[in-house]
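Undergrad: Right, I'll just put the structure down here and ask away after.
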Amino acid sequence: MACDFFTVDTVWLQRLYVLFFIEVATRRVHLAGVTAHPDGAWITQQAPNLLLALGEQDRRVRFVIRDRDAKFCRGFDDVVGSEGAQMLPTPLQAPNANAYAELWVGTVRAECLDWLLIVGRGHLERTLKVSVAHDNTHRPPPGAAT
């Protein structure tokens, strides 16, 4: 599993932060949340929400790749670690170390967000849910012959 943030600016010049997780093996994306103020408490709350959703599907997380962004606090690492997952922070100044997450951000921007003017948080959440649903159900699995 890899996780990262990306930002989206609305037409009202508000910057929103999107936290997402992507399963490296299947490239299945899990949208964790959208907020204007990503503090440690908010990010720490998103981890058990994801782990609970995965647990309901009988799937476990063994590793979580994340960058060294200051938004990822110790509480986030502790919650993920309490479920038996190992946290793997990327090396400093190594954007290719979290390539799966960066690739998805580029894809969702090029195929969806670059074509829309986002009005607010609700609009962004609805737009991303549709995009994630499309990516998770209508795309061929990695390595599939085309």
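Residue-wise test of (1) among the acidic types (Asp, Glu); (2) open to solvent by 80 Å² or more (accessible area, probe 1.4 Å); (3) assigned to a loop (DSSP other than H, G, I, E, B).
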position	(1), (2), (3)
Ile43	no, no, no
Pro48	no, no, no
Arg60	no, yes, yes
Gly81	no, no, no
Leu92	no, yes, yes
Glu102	yes, yes, no
Gly106	no, no, no
Arg109	no, no, no
Leu124	no, no, no
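Undergrad: Moving to a separate point now. Out of Ala36, Ala2, report the one residue that is surrounded by 20 or more Cβ atoms within 10 Å (Cβ to Cβ), closer than 30 Å to Val119 by Cβ, touching a strand residue (DSSP E or B) at 6+ places or on another chain (Cβ under 6 Å) and in contact (Cβ under 8 Å) with a residue 60 or more places away in the chain.
TA: The match here is Ala2.
Undergrad: If Leu16 satisfies all but one of (1) closer than 27 Å to His123 by Cα; (2) open to solvent by 40 Å² or more (accessible area, probe 1.4 Å); (3) among the aliphatic types (A, V, I, L, M), what's the number of the condition it fails?
TA: Failed condition: (2).
Undergrad: What pairs come out if I take residues in segment 15-26 that are closer than 13 Å to Ala99 by Cα and pair them with residues that are of a type outside the set (A, V, I, L, M, F, W, C) and open to solvent by less than 40 Å² (accessible area, probe 1.4 Å) whose C-beta lies under 9 Å away, six or more apart or interchain?
TA: Filtered contacts from segment 15-26: Phe21/Asp4; Phe21/His30; Phe21/Gln46; Ile22/Asp4; Ile22/His30; Glu23/His30.
Undergrad: Could you grab me the full set of residues in segment 19-52 that are farther than 17 Å from Gly75 by Cα and β-branched (Val, Ile, Thr)?
TA: Ile22, Val24, Thr26, Val29, Val34, Thr35
Undergrad: Now, a different point. Out of curiosity, is Ala97 under 16 Å from the mean Cα position of the chain (by Cα), among the small types (Gly, Ala, Ser), surrounded by 14 or more Cβ atoms within 10 Å (Cβ to Cβ) and within 14 Å of Leu19 (Cα to Cα)? If you could, list the steps in order and put the result at the bottom.
TA: Numbers: under 16 Å from the mean Cα position of the chain (by Cα): yes; among the small types (Gly, Ala, Ser): yes; surrounded by 14 or more Cβ atoms within 10 Å (Cβ to Cβ): yes; within 14 Å of Leu19 (Cα to Cα): no.
So Ala97 does not fit the description; no.
The values are calculated or read from the model by the stated rules, or taken from the named source; none is laboratory data. None of these values were measured; they are calculated from a predicted model. As a convention, Cβ positions derive from the backbone with ideal geometry for all residues, glycine included, and neighbour counts pool all protein chains shown. For accessibility, only protein heavy atoms count, side chains too; no ligands or nucleic acids. Shrake-Rupley method; radii C 1.70, N 1.55, O 1.52, S 1.80 Å.
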